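Quick notes on the structure that follows.
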Amino acid sequence: MAKRQYEVWKGNNIFIFGGRFMFGPDAKSLIITLLLIIVPVIIFCANVARNLISEISGIIAGYAILMVTVVFTVYVLLVLLLTSARDPGIVPRNLHPPTEEICYDSSASVDAVGRQTPTPRLPPTKEVIVNGVPVRVKYCNSCRLYRPPRCSHCSVCDNCVERFDHHCPWVGQCIGMRNYRSFFLFISSSTVLCIFIFAMSALNIKFLMADLGTVWKAMKESPLSVVLMVYCFIFLWFVGGLTCFHLYLIGTNQTTYETFRYRGLERRPRVYDRGCLNNFREVLCSKIKPSRNSFRAYVQENGRGATSGMTSEAYLGDSVENRREKVEDDREIGGDLLKISQRREAEDT
């Protein structure tokens, strides 16, 4: 019976709504992220914003603060959804290894007939040219392919992801080529939201201080404003620092994985750096490539139990030793047929 691709997916992803949304295996942590955003906003709208509406002269200006908070929060949640529920740029797995790359070990074993048994293997790396510079790419044993440049295998999701940046547990998804822009918009807009709520809470304390006379009385009158200011100040160190770090990465056209992997190699050439302005244009203004995977498409199971367009677990589990045993079995069968043929020739003679 034909199944959809997401039903036979070999990665650790979680699919909902018939494969329309995909998340990482740690998608439950997304609930914590949502609570960290929604709960402070509700407290702000129910207490601080309501007091500001009565304090600020002019009803329109007071309600504008409330509307900006709600609209901006919806935007933050939207880009969070685009980051978490989207294919980050997964490279589809191969049904078969690239046979044109297979070479044979010189230390071949000798069978009973006296012939050498070649041991097939794939080179662990190969070089490709990127912007005139040779770049070494690795062979992925799980996905049975040579990873494209800047691609890495995520051990959490068990997928090869193009332009792999990192796996973010706060959004429950890998950050790669197709969702890096939305991830950056999420952390940068969260930073702006923190600054806005902090400023409005401080403004509320200022109005109360003008009415009550002292800062202490104003803080006692609106303790939630103080709590929100402390919360936003702490949270701002995290998302604000993360935003500054990714601004540096975008400006130099690097990824988090590359930065920490090649840390200390100061003379390493920046193959992908096209200048600060072009780097920002590439990340923030270029068209997002379509997904290589059609998760809702139907796939047919073949005789080996695999599916068209997918790689079976049994086949993926084949190591070099398993392939070597298969070659040796084929050689033994060939030797038996040769012996039978020689015996029949002797009987005929």
Checking the cross-link filter: which lysines have an alpha carbon closer than 21 Å to that of residue 126, excluding same-chain neighbours under 8 positions apart?
138
If you count, for each residue, the other Cβ atoms within 10 Å and average over each peptide, how do 78-89, 34-45, 123-134 line up from highest to lowest?
78-89, 34-45, 123-134
Zone residues, the stretch 136-153, relative to residue 127, backbone N less than 13 Å from point 7 Å out along Cα-to-Cβ
136-137
Counting only protein heavy atoms and a 1.4 Å probe, tell me what percentage of the stretch 192-232's accessible area is made up of carbon and sulfur.
77 percent
If you count only protein heavy atoms and use a 1.4 Å probe, how large is the accessible surface of residue 70, to the nearest 10 Å²?
60 Å²
Amide H neighbours of residue 14 at under 5 Å, excluding residues fewer than 5 places away on the same chain, with H built from the backbone geometry, are 23, 24
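What full-extension length gain, to one decimal in nm, is calculated for residue 288 and residue 209 as 0.36 nm per residue of separation minus the Cα-Cα distance? Write down the numbers at each step before the final one.
On the way: separation 79, 0.36 × 79 = 28.44 nm, distance 5.00 nm.
Length gained, residue 288 through residue 209: 23.4 nm.
The values are calculated or read from the model by the stated rules, or taken from the named source; none is laboratory data. If you're wondering where the values come from, they're calculated on a predicted model, not measured in any experiment. Positions of Cβ are generated from backbone atoms using ideal geometry, with glycine treated the same way; all protein chains shown enter the neighbour counts. Heavy atoms of the whole protein, side chains included, go into the accessibility calculation; ligands, DNA and RNA do not. Shrake-Rupley method; radii C 1.70, N 1.55, O 1.52, S 1.80 Å.
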